[in-house]
1. So which residues in segment 33-59 are free of Cβ contacts under 8 Å to residues at least 12 places away in the same chain and within 19 Å of the chain's Cα centre (by Cα)?
2. I need the full set of residues from segment 104-125 which are surrounded by 18 or more Cβ atoms within 10 Å (Cβ to Cβ) and free of Cβ contacts under 8 Å to residues at least 24 places away in the same chain, in order please.
3. Here are 30, 4: which of them is touching a strand residue (DSSP E or B) at 6+ places or on another chain (Cβ under 9 Å) and surrounded by 13 or more Cβ atoms within 10 Å (Cβ to Cβ)?
4. Can you find a residue that is part of a helix (DSSP H, G or I), in contact (Cβ under 8 Å) with a residue 60 or more places away in the chain and touching a helix residue (DSSP H, G or I) at 6+ places or on another chain (Cβ under 9 Å) anywhere in segment 128-139?
5. Is there a residue being within 28 Å of residue 37 (Cα to Cα) and in a helix (DSSP H, G or I) anywhere in segment 103-114?
6. Taking the residues in segment 167-198 that are in contact (Cβ under 8 Å) with a residue 40 or more places away in the chain and within 21 Å of residue 153 (Cα to Cα) as candidates, determine which candidate is surrounded by the most Cβ atoms within 10 Å (Cβ to Cβ).
7. Restricting attention to segment 160-181, which residues are assigned to a helix (DSSP H, G or I), more than 18 Å from the chain's Cα centre (by Cα) and over 19 Å from residue 192 (Cα atoms)?
8. Being within 21 Å of residue 132 (Cβ to Cβ) and either in contact with a strand residue (DSSP E or B) (Cβ under 7 Å, 6 or more places away or on another chain) or in contact (Cβ under 8 Å) with a residue 40 or more places away in the chain (or both) is the filter here; which residues of segment 64-78 pass it?
């Protein structure tokens, strides 16, 4: 049980996935998120399921995203990781009806062939994607041009940020959201957090 009474109570799950206590810390947070919403914990994803997805996509997932899936499955992290049936190249989303798609900028079009969605940001149409070659994490924001912005060097930063932000829900204190944001800003910088959260 994580009790958030002050900023110091917010658990930093890991620096990188694979760190010594990353599983213990992440499990505590994921279990409490599930408990808060009355949800069941997700089953770990098998190597075979990951390989089948990589084969379908024609590229590999980021290594630490694979490790996360194999440990915690498609867990609730405070944001919605996509089921494997939904993980896909974002250029293909509007392929059949481009008139309904965004009016991508030249900058976007240079990135578009490389990006694969893996997370829906709160189900509002915005998505987090990984780059098929660099494995960096990009954000598709349907409200702002350019629509595609590099957010994180690694998937670890995205997952860590989500798990820190999610803990604000464990607190009675209205300040907890600000505390979580302050902590994530220390890791990722104010510009990234503003783009992500506002």
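The values are calculated or read from the model by the stated rules, or taken from the named source; none is laboratory data. Predicted model, so just to flag it, every value in this text is computed and none were measured. All Cβ positions, even for glycine, are placed from backbone atoms using ideal geometry, and neighbour counts span all protein chains on display.
1. Answer for segment 33-59, where residues must be free of Cβ contacts under 8 Å to residues at least 12 places away in the same chain and within 19 Å of the chain's Cα centre (by Cα): just 54.
2. Result: 114, single match.
3. Numbers: 4 fails: touching a strand residue (DSSP E or B) at 6+ places or on another chain (Cβ under 9 Å).
One residue alone meets the criteria, 30.
4. First pass over segment 128-139, keeping only residues part of a helix (DSSP H, G or I): none.
Checked against the condition, which is being part of a helix (DSSP H, G or I), in contact (Cβ under 8 Å) with a residue 60 or more places away in the chain and touching a helix residue (DSSP H, G or I) at 6+ places or on another chain (Cβ under 9 Å), segment 128-139 yields no hits at all.
5. Looking through segment 103-114, none of the residues is within 28 Å of residue 37 (Cα to Cα) and in a helix (DSSP H, G or I).
6. 180
7. Scanning segment 160-181 gives 170, 176.
8. First, the residues of segment 64-78 that are within 21 Å of residue 132 (Cβ to Cβ): 64-70, 74.
Within segment 64-78, 64, 65, 67, 68, 74 qualify.
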